[in-house]
């Protein structure tokens, strides 16, 4: 026969008793609470298991992307450090911190990048893994550290979770602060490619001037 033990005085009562025979403490609520406690503990265990499994899978994915791609050469790392220093010196503290402290740079595509494929680009970012792949064009087509800093500023927005349109808008609006300006860089391949892509994906930045076709950030 089932018994209800009173949590107040410890007396064991009959299963049918609703109150304790000794102290009068209600027994029904205690029984319900005892039934709910295992359910709450079971839910917590499932949540912990889901979170732990997710973390493990993300770590495995992160390591697999590093293993299946190549690190930068020493001379390439020096180029990146100079470009990040430009981002930092121009007042982009948050982006510089991410690029300097949290980002892993790769010279070739990981299995995931190869699987997804990508258009012609100077760099590619894997969020939330904070991995940036820098293609040969980043080192060969950008004319100097300032232009490479403009590319990295764009990628830093991706590292923060921004989509392509947002990353383009932030980088284009910030070009004057960065020192990446049309009088100096207006004829470079990186400038023209970036301007063309920004005009296509963020056309609202090019509706100024008498004819409504000028750059609104100038």
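The values are calculated or read from the model by the stated rules, or taken from the named source; none is laboratory data. The shown structure was predicted, so the numbers you read here are calculated from the model rather than taken from an experiment. FYI the Cβ positions are ideal-geometry reconstructions off the backbone, even for glycines, and counts take in every protein chain you see.
Using the structure shown, decide if residue 85 is surrounded by 14 or more Cβ atoms within 10 Å (Cβ to Cβ), more than 19 Å from the chain's Cα centre (by Cα) and farther than 21 Å from residue 128 by Cβ.
Yes; evaluated as a whole, the condition is true for this residue.
Answer yes or no: is there a residue in the range 85-92 that is in the same structural domain as residue 164 (by TED's automatic domain parsing), modelled with pLDDT of 95 or more, under 19 Å from residue 162 (Cα atoms) and assigned to a helix (DSSP H, G or I).
yes
For residues in the range 172-194 being crowded, with 18+ Cβ neighbours inside 10 Å and part of a helix (DSSP H, G or I), which is nearest to the chain's Cα centre (by Cα)?
Among those that are crowded, with 18+ Cβ neighbours inside 10 Å and part of a helix (DSSP H, G or I), it is 172.
Just one of 116, 47, 102 is assigned by TED's automatic domain parsing to the domain that holds residue 171 and at pLDDT below 95; which is it?
Of the residues listed, the single one that is assigned by TED's automatic domain parsing to the domain that holds residue 171 and at pLDDT below 95 is 116.
Any chance the range 197-217 includes a residue that's under 16 Å from residue 142 (Cβ atoms), part of a helix (DSSP H, G or I) and either touching a strand residue (DSSP E or B) at 6+ places or on another chain (Cβ under 7 Å) or in the same structural domain as residue 122 (by TED's automatic domain parsing) (or both)?
Yes - at least one qualifying residue is present in the range 197-217.
Taking the range 109-128 as the search range and keeping residues that are touching a strand residue (DSSP E or B) at 6+ places or on another chain (Cβ under 7 Å) and assigned to a loop (DSSP other than H, G, I, E, B), which one is surrounded by the most Cβ atoms within 10 Å (Cβ to Cβ)?
109
Answer yes or no: is there a residue in the range 197-214 that is surrounded by fewer than 16 Cβ atoms within 10 Å (Cβ to Cβ), under 24 Å from residue 88 (Cα atoms) and without any contact (Cβ under 8 Å) to a residue 24 or more places away in the chain.
Within the range 197-214, not a single residue is surrounded by fewer than 16 Cβ atoms within 10 Å (Cβ to Cβ), under 24 Å from residue 88 (Cα atoms) and without any contact (Cβ under 8 Å) to a residue 24 or more places away in the chain.
Condition (residue is buried (at least 19 other Cβ atoms within 10 Å of the Cβ), under 17 Å from residue 76 (Cα atoms) and touching a strand residue (DSSP E or B) at 6+ places or on another chain (Cβ under 6 Å)) applied to the range 138-149: is it met by at least one residue?
Scanning the range 138-149, I find at least one residue that is buried (at least 19 other Cβ atoms within 10 Å of the Cβ), under 17 Å from residue 76 (Cα atoms) and touching a strand residue (DSSP E or B) at 6+ places or on another chain (Cβ under 6 Å), so the answer is yes.
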